[in-house]
Amino acid sequence: MIKERPDPMLELPIADAHMRWALEAVEEVAGEKGMAVILRQAGLGHFIGNYPPNELVFAGRTFAEYAALNRAILDFYGRAAGSFARRIGRLSTKNMIEQQDDLLGLQALALRAMGTELRVKLSLMSSARLFINLYKKEGDIQITHVVEDHSDHFTYSLRECPCCAGMTADRPICAMWLGVLYEGGIYVTGGKVFEYQEIACRALGDEFCTFKVGKVPVNV
C-alpha cells in the first residue's frame, strides 16, 4: 500500500522537458482517454492538452507533480502497474533520444569501438552526469546520483528520486526510473537487454533508490 508522507524532496524542481517526455509516454501507453483519467486522478488535470515545452529548464514543475503522476499510474494499472510504469519510463527515454539525442553525450562512432560492458557503464555515468549538471546549472542545486562498479553488476543510486518523493510503500515503486535506465542500456548497446532490478527505495525507508544492472546481456 502506498501512503503519503512529508518530504522536502517534493519541492525540488523538475525540468519541463522531463515532465513532457513522461506525459507523452503515458499518453502513448494509456491512450488519450486513459491519459485524461490518470491526470485527473493525480490532480494534474492542468496538463490535459497542455504539456510543458520541450526545454531543459526549471519553470515551475516539481517532484510533487512527477510523483503524483507515478502514483496515479500505479493505481490505474493495479497489479500490472510495474510493467506499465517501466514501459512508460522506456518510452520517456526514447522521446528524449529522438528529440534531444545529444543529451547523453555518447557518440555512435565512439560507442562502436567499446565493449558492451563499458557501453553500459558509460550510459549510466552519462545519465548521472546529465542530471547532476542540469541541477547545478539551472538551479544551483546539488543532487546525488552515484554509479558503482561491482564484480558482476553495476548499481545506480539516486537520493533525489522524483518517482517516490513524498511516499511510503511496502514495495519498490520506481519502475518508471528503472525503465529510463533500461532503455538507455538498449540504446547504447544496439539492442542488447540486461537485467535491471530496484534493490532499494526511499519509499521503503532507504536513503537512496538503488538499481542493480547486470553486466551480461540476457538476450544473447
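One table, with the values for the structure above:
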read-out: Among residues of region 130-180, those that are polar (S, T, N, Q) and within 17 Å of Lys212 (Cβ to Cβ), counted; value: 3
read-out: Residue in region 34-57 that is free of Cβ contacts under 8 Å to residues at least 40 places away in the same chain and of a type in the set (Phe, Trp, Tyr) present; value: yes
read-out: Identity of the residue in region 1-31, charged (D, E, K, R) and either without any contact (Cβ under 8 Å) to a residue 12 or more places away in the chain or crowded, with 18+ Cβ neighbours inside 10 Å (or both), that ends up nearest to Phe84 (Cα to Cα); value: Glu27
read-out: Residue identified as in contact with a Cys (Cβ under 7 Å, 6 or more places away or on another chain), assigned to a helix (DSSP H, G or I), at pLDDT 95 or above and of a type in the set (Gly, Ala, Ser) among Ala72, Ala85, Ala67; value: Ala67
read-out: Breaking point among (1) among the small types (Gly, Ala, Ser); (2) under 14 Å from Leu181 (Cα atoms); (3) at pLDDT 95 or above, for Ser92; value: (3)
read-out: Candidates Leu10, Leu23, Leu69, filtered to the one that is out of contact with any Leu (no Cβ under 9 Å at 6 or more places or on another chain) and under 27 Å from Lys136 (Cα atoms); value: Leu10
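The values are calculated or read from the model by the stated rules, or taken from the named source; none is laboratory data. Everything numeric here is computed off the predicted structure, so don't read it as measured data. Glycine also receives a Cβ, built like all others from the backbone with ideal geometry; neighbour counts cover every protein chain displayed.
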